[in-house]
Amino acid sequence: MKWIEANQISISLDGFPILENVDLDLEKGEMLGLIGPNGAGKTTLLRILARLLEPDTGSVFMGDHIRAEDFSKKVSYLAQSQEIHWPISVRRLVSLGRIPHLMPWQQLGPEDEEAIEQAMKVTDVFHLGDRSVDHLAGGEKRLVLLARALATRPSIILADEPVQGLDPAHGLQVMELLKQFTASGCGVIAVLHDLTLAARFCHRIMLLDHGKVLAVGRPNEVLTAENLRKSYHVEAKYGTTDGFYVIPWRKL
Amino acid sequence: MLLKNTLMIVLFFLMTPNAFAADSITAKIQTKPGTSPQRIVSVNLCTDELLLRLVSPERAAAVTKHSANSSISTVAEQTTTIKKIQGTVEDVMSCKADLLIGGKFSNKQTLHFFQYSEIPVLIFGVPKNFEDIYADIQKLAKAVGESEKGEQIIKGMEEDLLKIRRDIKSKTPKRAVFFQSGNYVPGSGTFENAIMEAAGLENIAVPLGIKEYGNLPLEKLIEAKPDVMIFAGDQKRGTTVRGEVLSHPAMNQALPDLKVVEIPSSMLNCGSPASIEAVRILVRETSV
Amino acid sequence: MRHPKSDSQSRGLIKEMSPWLLHGSLWIGLVTAFLISIDVGNIKISFLEMLFQPAHSDASVVFWDIRLPRALLGLLVGATLGLSGAAMQGFLRNPLAEPGVLGVTGGAALGAVLVFYTGIFSVFSMALPLGGIFGAFLSVLFLYLLAGSMSSVQTLILAGVSMNVIAFSGTSLALNLSKDPYAVLDIVFWQMGSLADRSFHHVFLILPFILIGWVLLLWDRRALDALSLGEEAAASLGINLKKMQLRMIIGTAFCVGAAVSVCGSIGFVGLVVPHLLRPLVANQPGKLLVVSALGGAILLLLSDIAVRLIPVAVELKLGVLTSLVGAPFFMILILQMRRKLL
């Protein structure tokens with residue numbers, strides 16, 4: 001049984017077609033990388049999957065025990081922008097991830113505290129608990145937001161450019177965390193620009209170009225020279241030491 | 001919000017004619033010796049009223065539009081044949097006036113304009129008591145050449161007031177308060193106070209130290225325990241939330257036997273012989 | 001969004017105040033202010049006199065029919081202003097938002113003035129809070145349409161300015177066209193904002209609307225916290241943004257509209273109180289709501305006490321006092337924010 005099955009998703013915004021007949025599925029325990037040039041429609045697709053946007057046509061089917069009421073408990077969405085409007089403490093921010101599990105009048109219980117603590121430890125931000133989010137570096141902020149997403153204890157994480165603006169160390173840390181997350185059977189869809197990271201960490205990759213699926217499959221199947229030329233207009237170098245990796249080399 | 005409030009306060013003070021007591025009367029009379037003015041223009045309701053009691057309608061070239069409104073003017077009937085104007089400079093010019101009279105707080109620009117002209121201008125303040133009214137009548141009577149008539153009117157008023165004074169039965173004056181919009185009450189040095197005293201009433205605002213017009217909070221009103229509450233015209237029914245003072249539960253509890261007297265505002269807008277009627281009403285209503 | 005910070009936060013660490021301490025102090029403060037408000041008045045009466053005198057004596061009448069309703073109104077209106085200010089700031093994610101600045105109070109005042117002007121009030125007294133609510137409702141609606149829920153400081157302020165201008169013009173027109181100068185005077189004074197000489201009639205007139213408004217605004221405490229992460233993240237956490245916006249609009253309209261209709265325009269409370277109390281709740285917008293309600297009630301009661309103690313020949317209006325204090329505060333806040341934004 002798959003976590004997500006999306007069929008023939010199409011959407012136009014302001015008269016422009018953004019996505020055309022996109023099919024997507026996410027298996028259990030899988031990290032799917034969503035790649036493509038700017039404007040390919042990756043973010044839009046992710047937002048449709050996160051139920052923030054209604055497609056014009058097509059349907060999205062979530063894994064069988066994700067009912068509509070449970071959606072926000074089982075699916076965490078990590079937006080691209082690191083919007084945080086009030087300078088609250090890191091711990092408080094992470095605890096926002098428990099909101100889907102609480103009734104409006106309920107306070108945080110022991111299970112919630114445990115989830116929060118665990119999320120903060122796994123992302124290595126526990127020591128920042130009392131720090132104001134205003135006083136975090138970019139990398140720390142991303143980790144804190146990821147902790148928030150993990151605190152929900154979701155089955156699926158939808159992440160829009162989770163490593164944008166991060167230094168190599170933090171970038172690797174985030175990708176490793178996401179991969180770890182899938183180890184227990186949960187699923188991740190991550191929109192990525194960094195093809196190297198995508199190749200290394202994703203189980204499968206979907207390449208979108210101008211709203212259409214150009215290729216989907218294992219990294220080495222998708223990131224062929226032909227595909228990269230057609231979509232990104234770049235030439236890449238490949239490597240196989242310790243696994244398959246690709247490094248974009250030259251603009252064509 | 002602050003700016004708006006400030007503007008409102010300034011506007012208020014410019015608008016209301018009775019807010020300040022007049023201290024002095026400015027006048028400039030240059031009648032040709034031997035003749036009295038035949039085309040008199042008045043640009044103020046109160047001067048309209050004084051004028052039409054002193055001269056026949058033919059000599060009034062124009063009066064204000066307000067004077068024809070019987071709910072605020074006591075000379076409405078006499079104005080039927082007279083031209084009515086707003087009081088602007090153009091209005092006055094078109095009348096070819098040989099005397100212009102007006103009040104201190106309305107149509108100031110017009111009066112100011114003509115002060116530099118050949119036309120004599122006579123400006124009147126707001127009377128604080130009956131003596132001020134007598135002085136105003138004398139001044140105007142002299143200017144229009146009807147000094148005798150003026151003296152007659154004054155004498156009539158004095159006699160009427162004396163008669164009313166004699167008719168007041170009770171020895172101890174009743175305590176009264178004159179209640180106006182915005183919880184304002186007239187204290188010492190106001191025309192309303194003069195009327196109350198002439199009717200043999202004790203104005204509770206005076207011992208409270210209110211000079212001219214002041215604010216009287218409900219608590220003080222209750223503490224002062226007036227026997228009579230006077231309203232002018234339709235002010236008994238206030239417009240806003242605050243205005244319903246008579247229906248405030250505290251009033252009903254603390255002053256259950258309060259006598260409410262309403263005086264038509266036309267008698268109070270201006271100081272004139274008609275104001276004596278106000279005194280009569282007060283005496284009649286409070287001597288029970 | 002950057003905000004002016006307190007000292008401990010400038011080192012980056014947030015120390016949260018114990019909620020027991022915070023709420024406890026506020027409740028004590030409220031009770032104290034309430035009691036002082038009842039004690040202060042235009043005539044000298046002691047507490048014991050007021051409570052133990054027979055029913056129709058001066059002291060008893062003053063206490064039950066004048067001072068008690070005044071203190072209650074101070075509490076209800078102050079709490080409303082504080083609460084709605086905090087709610088608007090949380091929802092619009094902007095610390096400059098409050099019903100006065102953004103024209104909601106102005107709209108409510110216009111609604112009430114039209115009720116006065118047409119004379120319906122004397123016939124059907126409930127028309128007054130309804131008029132205020134209607135005016136407030138249109139203002140909030142207009143505001144959210146203009147500025148949207150994700151707006152820059154400039155857009156928001158401009159929306160508020162335009163709303164205030166509209167309200168001011170409307171009120172001025174009504175005053176201009178009025179034939180009765182005493183009515184004009186009445187309305188002008190009413191607009192300045194006051195709690196004086198109201199009665200229990202007024203308390204009961206607005207009480208249901210205020211309570212409904214409070215319930216609607218407090219409903220979304222947690223949702224406001226979720227909104228700290230932005231609209232999309234909040235939606236993904238299960239917050240129904242449309243319903244929340246509806247509750248915000250109607251809730252604000254009900255309680256602010258009703259409060260203003262009886263007491264006139266009283267501004268800046270909703271700006272000052274949340275700003276001062278925000279550091280005490282570690283900047284969490286949801287937790288700020290109840291705390292601001294308490295703080296607003298305390299602030300308004302204290303202002304009303306000041307209005308009665310400051311020796312002035314005429315009655316100093318409450319709205320004027322809050323403006324005199326609030327306007328400079330507002331300016332300082334803007335200057336501080338400008339520095340942060342640069």
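Looking for whichever is within 29 Å of A:Q82 (Cβ to Cβ), surrounded by fewer than 24 Cβ atoms within 10 Å (Cβ to Cβ) and among the hydroxyl-bearing types (S, T, Y) here; the options are C:Y144, C:Y182. Which one fits?
After applying the criteria, what remains is C:Y144.
Over 22 Å from A:L192 (Cβ atoms), within 16 Å of the chain's Cα centre (by Cα) and not basic (K, R): is that true of A:S72 in this structure?
Against the criterion (over 22 Å from A:L192 (Cβ atoms), within 16 Å of the chain's Cα centre (by Cα) and not basic (K, R)), A:S72 qualifies.
Kindly provide the set of residues from region B:98-134 that are hydrophobic (A, V, I, L, M, F, W, C) and farther than 22 Å from B:G187 by Cβ, ordered by number.
Hits for region B:98-134 are B:L99, B:L100, B:I101, B:L111, B:F113, B:F114, B:I119, B:V121, B:L122, B:I123, B:F124.
Quick one: B:K128 ticks every box in (1) over 17 Å from the mean Cα position of the chain (by Cα); (2) buried (at least 19 other Cβ atoms within 10 Å of the Cβ) bar one, so which box is it?
Against the list (1) over 17 Å from the mean Cα position of the chain (by Cα); (2) buried (at least 19 other Cβ atoms within 10 Å of the Cβ), B:K128 comes up short only on (1).
When you scan region C:112-126, do you find a residue that is away from every other protein chain (no Cβ under 13 Å) and free of Cβ contacts under 8 Å to residues at least 60 places away in the same chain, even just one?
Yes, region C:112-126 contains a residue that is away from every other protein chain (no Cβ under 13 Å) and free of Cβ contacts under 8 Å to residues at least 60 places away in the same chain.
Is there any pair linking a residue in region C:35-60 that is under 21 Å from B:M251 (Cβ atoms) and among the small types (G, A, S) to one that is modelled with pLDDT under 75 and surrounded by fewer than 19 Cβ atoms within 10 Å (Cβ to Cβ), with Cβ under 8 Å and at least six apart or on different chains, and which?
C:A59/C:E49; C:A59/C:Q53; C:S60/C:Q53; C:S60/C:P54
Which residue, of A:E20, A:E54, A:E83, A:E69, is open to solvent by 50 Å² or more (accessible area, probe 1.4 Å) and either within 23 Å of A:T182 (Cβ to Cβ) or at the interface with chain C (Cβ under 8 Å from one of its Cβ atoms) (or both)?
A:E83
Residues of region C:91-126 being open to solvent by 10 Å² or more (accessible area, probe 1.4 Å) and either β-branched (V, I, T) or modelled with pLDDT under 90 (or both), which ones?
Residues satisfying the conditions are C:V101, C:V115, C:Y117, C:T118, C:G119, C:I120, C:F121, C:S122, C:V123, C:F124, C:S125, C:M126.
Need at least 3 residues that are under 11 Å from A:I35 (Cα atoms) per element, so show me which strands (runs of 3 or more DSSP E) inside region A:163-252 make the cut, counting only ones lying wholly within it.
Filter on region A:163-252 gives A:187-191, A:204-209, A:212-217.
List the helices (runs of 4 or more DSSP H) that sit entirely inside region C:231-319 and contain at least 1 residues that are away from chain A (no Cβ under 14 Å) and surrounded by fewer than 24 Cβ atoms within 10 Å (Cβ to Cβ).
Filter on region C:231-319 gives C:241-263, C:269-277, C:285-309.
With the structure loaded, tell me whether B:A176 is within 21 Å of the chain's Cα centre (by Cα), in a strand (DSSP E or B) and buried (at least 22 other Cβ atoms within 10 Å of the Cβ) or whether it fails that test.
yes
Taking the options C:L173, C:L218, C:L211, C:L156, name whichever one is more than 23 Å from C:L294 (Cβ to Cβ) and either acidic (D, E) or modelled with pLDDT of 90 or more (or both).
Only one candidate passes the filter, namely C:L173.
State whether one or more residues within region B:156-169 are in a loop (DSSP other than H, G, I, E, B) and surrounded by fewer than 15 Cβ atoms within 10 Å (Cβ to Cβ).
yes
Considering only region B:224-242, state which residues are at pLDDT 85 or above and more than 10 Å from every other protein chain (Cβ to nearest Cβ).
Across region B:224-242, the qualifying residues are B:P226, B:D227, B:V228, B:M229, B:I230, B:F231.
Checking the condition in contact (Cβ under 8 Å) with a residue 60 or more places away in the chain, within 14 Å of chain C (Cβ to nearest Cβ) and over 20 Å from the mean Cα position of the chain (by Cα), which residue from B:V245, B:V144 passes?
Within the list B:V245, B:V144, the selection yields B:V245.
The values are calculated or read from the model by the stated rules, or taken from the named source; none is laboratory data. Owing to the predicted nature of the structure, the values given are computational and were not obtained by experimental measurement. As a convention, Cβ positions derive from the backbone with ideal geometry for all residues, glycine included, and neighbour counts pool all protein chains shown. Side chains are part of the model used for accessible areas, which takes the heavy atoms of the whole protein and leaves out ligands, DNA and RNA. Shrake-Rupley method; radii C 1.70, N 1.55, O 1.52, S 1.80 Å.
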